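Data first, discussion second: the structure below is written as structure tokens.
The values are calculated or read from the model by the stated rules, or taken from the named source; none is laboratory data. Worth saying up front: this structure is predicted, and the values here are computed from it rather than measured. A quick note on method: Cβ atoms are made from the backbone with ideal geometry, for glycine too, and the neighbour counts reach across all protein chains shown.
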Amino acid sequence: MTAGGPVTLAQRIQALDTTRGVAVLGILLMNIWSFAGPQAIYDYPVAAADWGGAPVQTWAVMHTLFEGSQRALFAMLFGAGMLLMVNRLDERSGAPGSGRIYYRRLMFLLLFGLFDLFVLLWPADILFVYGLCGLVLYPLRRYSVPTLLVLACAVFAAQATLRYLDLQDKQQLQSEYLAVQADPAAAVPGSTPERLEKWAAVEQRAHPDLRDPKIQESIRVQSSGALGEFLTTKWQTSLILLLVVGIKSLLLDSLGAMLVGMALLRSGVLTLTASRRVYWLLLLGGYGIGLPVAAWETVGLITQDFDPLLKARHLLHYDVRRMAVGVGHLSAILLACQAWPQSWLARRLASVGRMALSNYLGQSLLCGLLFYSIGLGLYGRFTGYYLYLLAVAIWIVQITFSHWCLSRFRFGPCEWLWRSLTYKSRQPLRVP
């Protein structure tokens, strides 16, 4: 690695690249529901039970195995990657300050996130949130593994506290609503028309009707709407999700997982220097804790018709469940990397991981061309396992393109641009 330049191919950790490749492909397992149709279908798959593709059964499998855990895996690897970059910069003699390079890199990541949100029109982009989280990681780069894990627990505890307060508010709203429904003439302390409408809105979001005119209009606009109304709708949605979901909810969600990823890198787990026994313990512990809880949540939601209070109660232990399953997934991938380090599949997944930014943005581009009105307009037509036939097709395209691209070039297109901007010099692109 030259002074002021990115890591060379010889210095890359293939197991980390392979794991990152699995993570960026795996995040499409969850995102494709929102690319392909209204979020209401994933939130309440019973509403689409008569559609093809067995949506309820498919949702149950995806919710149990992958809900939240793919995002956790992706965030852990981001935290580890940023720490690895800073460590390598700090180790170089005569190099410029790692802080300036680090924060310049984050600034451009924020711009990539805005590009994904408002140009590629993916409202649930995670890059902007990752850039914000990264702002607080640099001062923590020298912390020990126990300290990083304690900080992660504190972040998750803060998130759980906010969710507990939200649960209490929902319980109070429901009690006021039921009291008024039982006796409209009774004076219910604290109850106002606005609060009653707020609970009615909670119920409507929990049990949406896909025949609702608003949902039907959303499907029409995104599948066949005119360019102007389509862009206006997507920009509004991107802005709302960024402010309400991204910053309010995903910020702590992502930061906690990044701290865990930094701890796993510092402990040697992500560089394959830990003992094989450690990976088996993490796999059995992660799956042993996370999967039973996830299955219990899934069964409970289906049998209780996706009760909104039950959903809110599940959020209290959501981070424990998703992080446990995410660590289980991570351990399974690393064990496979130990067993078959140079296999055909591992090398191709490593290519996907080396082009993680290009492939993440590429999923927004490909899904936009498939589902939005500016492309084939398939939005609102497919759900359930049909979505995964399309997801596998996208995976094949991305694996093939990544392998082809890196056999000819040093970087993927977005990685080349990101590194050139970060190091303020045009990076060599072609492989000698």
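Suppose the filter is touching a residue at least 12 places away in the same chain (Cβ under 8 Å), within 26 Å of residue 321 (Cβ to Cβ) and among the hydroxyl-bearing types (Ser, Thr, Tyr); does residue 138 pass it?
Working: touching a residue at least 12 places away in the same chain (Cβ under 8 Å): yes; within 26 Å of residue 321 (Cβ to Cβ): no; among the hydroxyl-bearing types (Ser, Thr, Tyr): yes.
Here the answer is no, as residue 138 does not meet what is asked.
If we scan the stretch 17-31, do we find a residue that is part of a loop (DSSP other than H, G, I, E, B), more than 21 Å from residue 393 (Cβ to Cβ) and either hydroxyl-bearing (Ser, Thr, Tyr) or modelled with pLDDT under 95 (or both)?
Within the stretch 17-31 (the criterion being part of a loop (DSSP other than H, G, I, E, B), more than 21 Å from residue 393 (Cβ to Cβ) and either hydroxyl-bearing (Ser, Thr, Tyr) or modelled with pLDDT under 95 (or both)), the answer is no, since none of the residues qualifies.
State the number of residues belonging to the stretch 120-148 that are closer than 30 Å to residue 231 by Cα and either among the aliphatic types (A, V, I, L, M) or in contact with a His (Cβ under 6 Å, 6 or more places away or on another chain) (or both).
So the count comes out to 7.
Residues that are over 20 Å from the mean Cα position of the chain (by Cα), of a type in the set (Asp, Glu) and buried (at least 18 other Cβ atoms within 10 Å of the Cβ): does the stretch 166-173 have at least one?
no
Any chance you could count how many residues in the stretch 135-159 are assigned to a helix (DSSP H, G or I) and out of contact with any Phe, Trp or Tyr (no Cβ under 8 Å at 6 or more places or on another chain)?
Within the stretch 135-159, residues that are assigned to a helix (DSSP H, G or I) and out of contact with any Phe, Trp or Tyr (no Cβ under 8 Å at 6 or more places or on another chain) number 16.
If I filter the stretch 88-134 down to residues being in a helix (DSSP H, G or I) and small (Gly, Ala, Ser), which single residue comes out as modelled with the lowest pLDDT?
By that ranking, first place goes to 98.
If you check 366, 390, which single one turns out to be in contact (Cβ under 8 Å) with a residue 60 or more places away in the chain, surrounded by 19 or more Cβ atoms within 10 Å (Cβ to Cβ) and not in a loop (DSSP other than H, G, I, E, B)? Steps first, answer last, please.
Details: 366 fails: in contact (Cβ under 8 Å) with a residue 60 or more places away in the chain.
Step by step, each of 366, 390 is checked, and only 390 is in contact (Cβ under 8 Å) with a residue 60 or more places away in the chain, surrounded by 19 or more Cβ atoms within 10 Å (Cβ to Cβ) and not in a loop (DSSP other than H, G, I, E, B).
Consider residue 399 carefully, then state whether it is among the aliphatic types (A, V, I, L, M), in a loop (DSSP other than H, G, I, E, B) and in contact (Cβ under 8 Å) with a residue 12 or more places away in the chain.
So residue 399 does not fit the description; no.
Of the conditions (1) in contact with a helix residue (DSSP H, G or I) (Cβ under 7 Å, 6 or more places away or on another chain); (2) under 30 Å from residue 151 (Cα atoms), residue 177 clears all except one; give me its number.
(2)
Condition test on residue 372, is it of a type outside the set (A, V, I, L, M, F, W, C) and surrounded by fewer than 18 Cβ atoms within 10 Å (Cβ to Cβ)?
No, not satisfied.
When you scan the stretch 166-263 for helices (runs of 4 or more DSSP H) that lie fully inside it, which ones turn up with 2 or more residues that are modelled with pLDDT of 90 or more and under 30 Å from residue 76 (Cβ atoms)?
The qualifying helices (runs of 4 or more DSSP H) are 227-240.
Taking the condition of being outside any loop (DSSP other than H, G, I, E, B) and in contact (Cβ under 8 Å) with a residue 60 or more places away in the chain, how many residues in the stretch 403-432 meet it?
Going through the stretch 403-432 one residue at a time, the tally reaches 6.
Just the residues that are farther than 30 Å from residue 119 by Cβ and of a type in the set (Val, Ile, Thr), please, taken from the stretch 317-364.
Of everything in the stretch 317-364, those that are farther than 30 Å from residue 119 by Cβ and of a type in the set (Val, Ile, Thr) turn out to be 320, 325, 327, 333.
Between 286, 300, which is in contact with a helix residue (DSSP H, G or I) (Cβ under 7 Å, 6 or more places away or on another chain) and surrounded by 19 or more Cβ atoms within 10 Å (Cβ to Cβ)?
Unique residue meeting the criteria: 286.
Here is a yes/no grid of residues against (1) free of Cβ contacts under 8 Å to residues at least 60 places away in the same chain; (2) in contact with a helix residue (DSSP H, G or I) (Cβ under 8 Å, 6 or more places away or on another chain); (3) not charged (D, E, K, R):
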position	(1), (2), (3)
78	no, yes, yes
90	yes, yes, no
103	yes, yes, yes
129	no, yes, yes
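Restricting attention to the stretch 144-159, which residues are surrounded by fewer than 17 Cβ atoms within 10 Å (Cβ to Cβ) and either modelled with pLDDT under 95 or polar (S, T, N, Q) (or both)? First the steps, then the outcome.
Just the residues of the stretch 144-159 that are surrounded by fewer than 17 Cβ atoms within 10 Å (Cβ to Cβ), to begin with: 144-147, 150, 153-154, 157-158.
Matches in the stretch 144-159: 144, 147.
Looking at the structure I just gave you, is residue 79 at pLDDT 90 or above, under 27 Å from residue 365 (Cβ atoms), more than 14 Å from the chain's Cα centre (by Cα) and of a type in the set (Gly, Ala, Ser)?
Working: at pLDDT 90 or above: yes; under 27 Å from residue 365 (Cβ atoms): yes; more than 14 Å from the chain's Cα centre (by Cα): no; of a type in the set (Gly, Ala, Ser): yes.
Here the answer is no, as residue 79 does not meet what is asked.
It is to be established whether one or more residues within the stretch 291-312 are at positive phi and more than 20 Å from the chain's Cα centre (by Cα).
Looking for residues that are at positive phi and more than 20 Å from the chain's Cα centre (by Cα), one finds at least one in the stretch 291-312, hence yes.
Taking the stated definitions as given, is residue 295 part of a helix (DSSP H, G or I) and in contact with a Phe, Trp or Tyr (Cβ under 9 Å, 6 or more places away or on another chain)?
No, not satisfied.
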